[in-house]
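Take a look at the structure set out below.
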Amino acid sequence: MPRLVVLGGGAAGMSAASAARRVDPALKIVVLEANGYAAYGMCGLPYYLGGVVPSAENLLAYPPETFREDRGLDLRLDTAAVRIDPGRHRVETGQGEQIGYDALVLAAGAQPTRPQIPGIDHDRVFTIRAMEDSIRLRTLIDSGSVRRAVIVGAGYIGLEAAEALVAQGIDVEVVEALPHITMSVDSSIADVVEGELRAHVPVRLNTAVTGLRPRADGLTAHLSDGDTVDVDAVVLATGVRPDSRLLTEAGAEHLPGGALVVDDHMHTSIADVFAAGDCVAHQHRVLDAPAWIPLGPAANKTGRVAGTVAAGGHASFPGIVGTAVVKVFDLEVARTGLSSAEAGPDALTCDVVHRSRAKYYPDGHPIHARLVFEPTGRLLGGQLAGRDGVAKRIDVLATALYAGLGLSDLAALDLSYAPPFAPVYDPLLIAAQRAMLTLPAAVS
């Protein structure tokens, strides 16, 4: 009987296995997951730490028994693959078992980067990437053992972690080695985010953690500015890297950072081997080139495509535009497409601040919007920050990018209007109109 082996039990891996089962009810499907949990909402971990999600089990899409009994998947937790032999079509596990495959899907995701800091392996140092690590930290929080914490890194995860720990009554300090918030947004939006962050927690930019020294029930963090901070916990939020080693060592084509190159059916450059999720460079529809942007929606979608095709079905993934949104205390921040730095020196930008609702309607707030575009009027990207209505509007920009709309198209969109939700001229329409004024006369 043919066998599909899926490496990774996260969003992409379980989507692949489930899709394959729908295509071929008789196919033997083995899923190897290195950790003790599968198919959980990784993006919900900060909200579990903050107490919004009461139990870790709430994050599970389904319990393991559902996949095993209802879907007929041979799901093996705490079982890591350590080597792939494409020539023999075999996978070796950490327990020494050799498992043959007819088709293989690598969906190992991404791993947190761990800076070379003395003391970083202390048990009071956490990442927010795996369920087990988050459960350990939440257990400490619930016991009252964490009164002060330092978060290393001011990107998406770092800012979400800061809000989560503050919600638990913990004194938090954010330390970032770079001179700015690291959220892949331009300075006009990053400044708004930094202001919101500083309103809730101390922030040190241009400051690195140089060492972590154990002390009774905690750590002393040594900083590059010469200061020290005594803390009960350290959260590392210094980015992630694609967990693609098993295939790159086997010769699969990949980008310099390790992200695997696939076609729109999720084939890798190795026969009978597919890849999906955060270990893959997806086709970027604005760049028209592969780009590594690890986000949940693409992980689920590419997993479904990989599993469908691996089982003999037909599916394809048309690409991404890099859309993301994050909550930073009372602020919503979002981006899609390219930032001005990513777009290059010839790109133009336009910044506006406009109301989220009709001016006479209560509880409206400013929305900061930036558009990135070419002198031809081609839309390249956009970023938004505000206290309400940001997530709705970034999806409009994402749709425009996906469809290849230009500034004039964006300005002409027939968007919804009612005083509780938007002014007559939505902030996006205002931004597009003003951006068109900066174009050469022959274009505008």
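Taken together, the values in this text are just the output of simple stated rules run on the coordinates, not laboratory data. Predicted model only: the values in this text are computed from it and were never measured. Virtual Cβ from ideal backbone geometry, glycine too; neighbours counted across all protein chains shown.
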- Item | Estimated FRET transfer efficiency when R0 is 30 angstrom, pair HIS122-VAL52 (beta carbons, to 0.05) | 0.65
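First obtain the Kirkwood hydrodynamic radius of region 330-444 from its Cα pairs, then insert it into the Stokes-Einstein equation at 10 °C and 1.306 mPa s, and state the resulting D in µm² per second as a whole number.
On the way: Rh = 14.1 Å.
It diffuses with D of about 113 µm²/s by this estimate.
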- Note on the structure: Pseudo-spin-label distance LEU255 to CYS43, built 7 Å along Cα→Cβ, given in nm, is 1.9 nm
- Global form of region 1-145, assessed from the alpha-carbon gyration tensor, a/c cut-off 1.5: oblate
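Kyte-Doolittle mean at least 0.0 and Cα extent at least 15 Å along the axis: which DSSP H helices of the chain qualify?
Numbers: long enough: 11-23 (18 Å, 0.45); 131-142 (16 Å, -0.21); 156-167 (17 Å, 1.23); 187-198 (16 Å, 0.12); 296-310 (21 Å, -0.03); 390-403 (20 Å, 0.99); 427-437 (16 Å, 1.24).
Answer set is 11-23, 156-167, 187-198, 390-403, 427-437.
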- Message: Once you place label points 7 Å from the Cα toward the Cβ at ASP263 and GLU97, how far apart are they in nm?
- Response: 3.3 nm
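With the cut-off at 1.5 for a/c, could you classify region 381-443 from its C-alpha gyration tensor as rounded, prolate or oblate? Provide the component values of the computation, followed by the final result.
Numbers: a/c = 1.88, a/b = 1.55, b/c = 1.21.
Prolate, because a/c is 1.5 or more and a/b exceeds b/c.
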- With x for Gly and Pro, the residue-by-residue ³J(HN,Hα) of region 118-129, computed from phi through the Karplus equation 6.51 cos²θ - 1.76 cosθ + 1.60 at θ = phi - 60° and given in whole Hz, is x, x, 5, 8, 4, 6, 9, 9, 10, 10, 10, 9
- Item | Three-way shape call for region 63-117 based on the alpha-carbon gyration tensor, with the a/c threshold at 1.5 | oblate
- Query: Along the charge dipole of the chain, which of CYS43, GLY158, VAL201 sits closest to the positive end, that is, farthest toward it, with unit charges on the beta carbon of Lys, Arg, Asp and Glu (+1, +1, -1, -1)?
  - Reply: CYS43
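Where the only charges are on Cβ atoms (+1 Lys, Arg; -1 Asp, Glu), what is the dipole of region 285-422 about its Cα centre, to the nearest 20 debye? Mind dumping the intermediate values first?
Working: 13 positive and 12 negative charges, 64 e Å.
Taking the Cα centre of region 285-422 as origin, the dipole is about 300 debye.
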- Task: Could you sort 308-317, 191-200 so that the peptide with the highest average Cβ count within 10 Å comes first and the rest follow in order?
- Result: 308-317, 191-200
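So for each of 110-119, 336-345 I average, over its residues, the number of other beta carbons within 10 Å; can you give me the resulting order with the highest mean first?
Working: 110-119: 15.1, 336-345: 19.0.
Ranked from most to least packed, the peptides come out as 336-345, 110-119.
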- Message: For the ranges 35-41, 248-254, what's the packing order if you count other beta-carbon atoms within 10 Å of each residue, average per peptide, and put the highest first?
- Response: 35-41, 248-254
- Query: Between region 337-401 and region 198-228, how many Å separate their Cα centres?
  - Reply: 35 Å
- Query: Over region 125-236, one equal point on each Cα, no solvent: what is log10 I(q)/I(0) by the Debye formula at q = 0.11 Å⁻¹?
  - Reply: -0.33
- Item | Spatially proximal lysines relative to LYS327 (Cα-Cα < 21 Å; intrachain offsets below 8 disregarded) | LYS392
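Taking only Cα atoms of the chain, what ratio of Rg to Rh do you get with Rh as the Kirkwood inverse-distance radius? Please list the in-between numbers first.
Working: Rg = 23.2 Å, Rh = 23.4 Å.
Computed over Cα atoms, the ratio is 0.99.
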- Hey, rough spin-label estimate for ARG22 and SER224, points 7 angstrom out along Cα→Cβ, what's it come to in nanometres? 4.8 nm
- Length gained, ARG90-TYR417, 0.36 nm per residue minus C-alpha separation, equals 112.0 nm
- Residue order, fewest to most surrounding Cβ atoms within 10 angstrom, among CYS279, CYS43: CYS43, CYS279
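What is the antiparallel percent of DSSP beta bridges lying wholly in the chain, to the nearest 5?
Values: 53 of 85 bridges.
Bridges in the chain that DSSP calls antiparallel: roughly 60 percent.
About the Cα centre of the chain, how large is the charge dipole given +1 on each Lys and Arg Cβ and -1 on each Asp and Glu Cβ? Please answer in debye to the nearest 20. Before the final figure, lay out the partial values.
Working: 37 positive and 51 negative charges, 83 e Å.
Once rounded to the nearest 20, the dipole reads 400 debye.
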